[in-house]
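Structure record follows, encoded as structure tokens.
Bear in mind that the values in this text are calculations on the coordinates, not laboratory data. Remember, it's a predicted structure, so these values are computed and weren't measured experimentally. Neighbour counts are summed over all protein chains in view; Cβ atoms, including those assigned to glycine, are modelled from backbone coordinates with ideal geometry.
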Amino acid sequence: MKCLAVSSGGTAGHINPALSIARKLAEKNWQIHYLGNRNSLEEQLLAKTDFTFHELNVQKLYRRFTFAHAAFPFKLIKSINLSKKIYKLIKPDVFLGCGGFVSGPPGYAAHLMHIPIILQEQNSYPGLTTRLLAKYSNKIFLGNKKAEQYLKEAVTEYSGNPINSFPALNLPHYGDHNSKQKTVFLLGGSQGSQALNKVMLSICRELLANGINLIWQTGKNNYVEILNKTGRKEGLILFDFSTQINEFYSKADIIIARAGALTLAELETLRKPAILIPLPSSAENHQLYNAQEQAEKGIAEVLEQKDLTPESLLKQVNAMLNNLEAYRSRFKNTLHSAAAEHIAAFIDANYGS
């Protein structure tokens, strides 16, 4: 049976593309073996699949001084050797790495064992693991075209980012919505964004008073506090978190969000103009690169967190709502929704015989 060794980890932005591609290969009768960290998000997500999970203990390389660095080389060598033992057992036809520090040791182990390496990079500025493994790879599929300039030593192809499909849903109703009014959707992520929530609290009453609907994903930690401060108002929908938010996407005219690669792929696929506020603490500031690429396409505006104030956000919201058609006209057809199938088909055709 054809066998795929796959690894990614740390965040859902790396794990979900890996799972999307793996599912497509499983449909083509591939056996899937996932190498990930113990007690991790990838282990939690793999528990919901039929794939085989192999436990590693990979340490993150922190970008600040910490005594944990002392253990890094020992854990790195141990993780590489454990990956090699796993490969001797499962005999993979190909290794797929989708970024995140967890995929580094199994990726390098694949190189040492002459196993073909395919990478999928989500961000406009490639992560450290992708950059390190690039010279050993057979091909790198890119979620954003800009990444190519940082990976000149590798064979690359712009494929788009594998994203979830958007089936019709009937989500719980969390507030009131007037379909005749323009709608802003603040997408704060599962934990919410303190910085975004604080500024939105300052301007939400003015938005509502001006006849603008507001859909607000507060995050689980902030929902009750924000609901108590805003109360239930006409035109306001509050919710904490949902893994399936296409109903809210469909109501929105513009989105306010961070600049994670998969979020941007979803927005581009659904043709939603956005005000992007990159997370300043993202690794190597990659969210800023992601946001700038969308701004260059003319489908988003970038508002850095250091410049984020109630006044600057309100000004940007009003400007975008007043020029919606111009932003919408700049969207082009994207590859994101077909990316997982495209990458899986390439792997199956080239390494599945």
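Brief remarks follow.
- The angle separating the long axis of helix 261-270 from the principal Cα axis of greatest extent in the chain is about 60 degrees.
- For the options 302, 102, 155, a Gaussian network treatment of the chain with springs between C-alpha atoms closer than 10 Å singles out 155 as fluctuating the most.
- Distance between the C-alpha centres of region 281-321 and region 115-145: 26 Å, rounded to the whole angstrom.
- Neighbour counts of other Cβ atoms within 10 Å put 3, 98 in the fewest-to-most order 3, 98.
- Centre separation in Å (Cα based) which lies between region 74-111 and region 25-55: 14 Å
- What the pair-distance distribution of the chain shows, using all Cα-Cα distances binned every 10 Å from zero, is 5, 24, 31, 23, 13, 4, 0 percent.
- Dividing the summed -39500 (n - 2.57) terms of all DSSP H runs of n ≥ 4 by the residue count of the chain sets its mean residue ellipticity at 222 nm at -11500 deg cm²/dmol.
- A Förster radius of 41 Å combined with the Cβ-Cβ distance from residue 88 to residue 128 puts the calculated FRET efficiency at roughly 0.90.
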